[in-house]
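Have a look at the structure below, then the notes.
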Amino acid sequence: LNQKIILRREETLANMCDERARMLQDQFNVSMNHVHALAILVSTFHHGKHPSAIDQKTFGEYTERTAFERPLTSGVAYALKVLHSEREQFEKQHGWTIKKMETEDQTLVQDCLTENLDPAPIKDEYAPVIFSQETVSHIVSIDMMSGKEDRENILRARATGKGVLTSPFKLLKSNHLGVVLTFAVYNKDLPPSATPRQRTEATVGYLGASYDVPSLVEKLLHQLASKQTIVVNVYDTTNASAAISMYGTDVTDTGLLHVSSLDFGDPLRKHEMHCRFKQKP
Ligand code: WA2
């Protein structure tokens, strides 16, 4: 009988955990598809029309009104590919200089106002943000290639043509760990067989979305009214020997544990959801 009860308990935990993992994964997938569609929108109406049919006002309004399509995202933005030879012309045209992403200690003294940021040092190329959803307006004019995680994402997005995810890192103006999803925008329709080099050459910009994971997972789990029953943790397990916690508090509990796998659509990243009962049997 006891054995039967234990089995039932394991089964209940597994079902609850799998259901939550699936919900999180599905919502992520829905918003990823919509971010992909935004990249096509920018390609069609900004790069494909002369003059462009998109400016900051249009982008801001459209992305705010369609925010419901991108559950779990805290904001979307578009950065342009600018070569060093084009920098002067670009800055003159926009009336601002390309800024360097601030480091942690600079944030403390400056409260990250873009006007206080230093100009980006000379590089071969830059990725300044030119359009943003209101919620992430603080990244406009910042060179996204000057941030380690953003830079890696940009390089991988344009070489592959796929949506790519960063490891969890502390987003600007946020106290939590988050991840960034990036899609490259190309100046022409590329065949699936295009080489990384052809892709890089055809790149004109990068459409990115930021995910404030803790607050968004919290919101999702809240809708399920199960918070009294189970404790949920979400990890980036890309490096199996050094998992990064993305949601949930530290656990010392050695009781019953169920691990549900999470697929966020980037084969280079691995994620897991860990669930435990709050109460001992
Ligand atoms: N968006 C919002 N907050 C951030 C951030 C970011 N990146 N990076 C650090 N904090 C415009 O991939 C291109 C968005 C980057 C896209």
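For (1) of a type outside the set (Lys, Arg); (2) touching a helix residue (DSSP H, G or I) at 6+ places or on another chain (Cβ under 8 Å); (3) over 30 Å from THR229 (Cβ atoms), each residue gets a yes or a no:
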{"residue": "GLU11", "(1), (2), (3)": "yes, no, no"}
{"residue": "SER43", "(1), (2), (3)": "yes, no, yes"}
{"residue": "ALA53", "(1), (2), (3)": "yes, yes, yes"}
{"residue": "GLN56", "(1), (2), (3)": "yes, no, yes"}
{"residue": "GLU69", "(1), (2), (3)": "yes, yes, yes"}
* **Lone qualifier among PHE169, PHE183 - being within 16 Å of the ligand (Cβ to nearest atom) and either surrounded by fewer than 19 Cβ atoms within 10 Å (Cβ to Cβ) or farther than 21 Å from SER146 by Cβ (or both)** => PHE169
* Asked: Where residues in the stretch 186-218 are at pLDDT below 95 and within 14 Å of the ligand (Cβ to nearest atom), which of them is nearest to LYS49 (Cα to Cα)?
  -> ASP212
* Asked: For the stretch 245-261, what are the residues that are open to solvent by 60 Å² or more (accessible area, probe 1.4 Å) and either within 18 Å of ARG22 (Cβ to Cβ) or in a strand (DSSP E or B) (or both)?
  -> LEU257, VAL259, SER261
* When you go through (1) more than 20 Å from ARG158 (Cβ to Cβ); (2) assigned to a helix (DSSP H, G or I); (3) not aromatic (Phe, Trp, Tyr) one by one for LEU72, which number turns out not to apply? -> (2)
* Asked: In the stretch 1-20, is there at least one residue being open to solvent by 60 Å² or more (accessible area, probe 1.4 Å), in a helix (DSSP H, G or I), in contact (Cβ under 8 Å) with a residue 40 or more places away in the chain and among the polar types (S, T, N, Q)?
  -> no
* Asked: Of all the residues that make up the stretch 222-235, how many are surrounded by 19 or more Cβ atoms within 10 Å (Cβ to Cβ) and either within 16 Å of the ligand (Cβ to nearest atom) or hydrophobic (A, V, I, L, M, F, W, C) (or both)?
  -> 3
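Taking only the stretch 59-89 into account, find how many residues are without any contact (Cβ under 8 Å) to a residue 24 or more places away in the chain and not aromatic (Phe, Trp, Tyr).
Final tally of qualifying residues: 6.
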* Can you name the condition, by its number, that VAL30 falls short on among (1) over 17 Å from the mean Cα position of the chain (by Cα); (2) of a type outside the set (S, T, N, Q); (3) open to solvent by 50 Å² or more (accessible area, probe 1.4 Å)? -> (1)
* To do: Considering only the stretch 201-215, state which residues are outside any strand (DSSP E or B) and either surrounded by 15 or more Cβ atoms within 10 Å (Cβ to Cβ) or in contact with a Ser or Thr (Cβ under 6 Å, 6 or more places away or on another chain) (or both).
  => ALA202, ASP212, VAL213, PRO214, SER215
* To do: Report, by residue number, each residue of the stretch 53-79 that is farther than 22 Å from SER31 by Cα and either open to solvent by less than 60 Å² (accessible area, probe 1.4 Å) or aliphatic (A, V, I, L, M) (or both).
  => ALA53
* To do: Quick one: in the stretch 81-98, of everything that is of a type in the set (A, V, I, L, M, F, W, C) and open to solvent by 30 Å² or more (accessible area, probe 1.4 Å), which residue is farthest from HIS47 (Cα to Cα)?
  => TRP96
* **Scope the stretch 83-101; condition within 13 Å of the ligand (Cβ to nearest atom) and either assigned to a strand (DSSP E or B) or hydroxyl-bearing (Ser, Thr, Tyr) (or both); matching residues** => LYS99
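The values are calculated or read from the model by the stated rules, or taken from the named source; none is laboratory data. In this text the structure is predicted, and so the values were computed from the model without any measurement. Neighbour counts are summed over all protein chains in view; Cβ atoms, including those assigned to glycine, are modelled from backbone coordinates with ideal geometry. Just the protein is used for accessible areas: all its heavy atoms, side chains included, with ligands, DNA and RNA removed. Shrake-Rupley method; radii C 1.70, N 1.55, O 1.52, S 1.80 Å.
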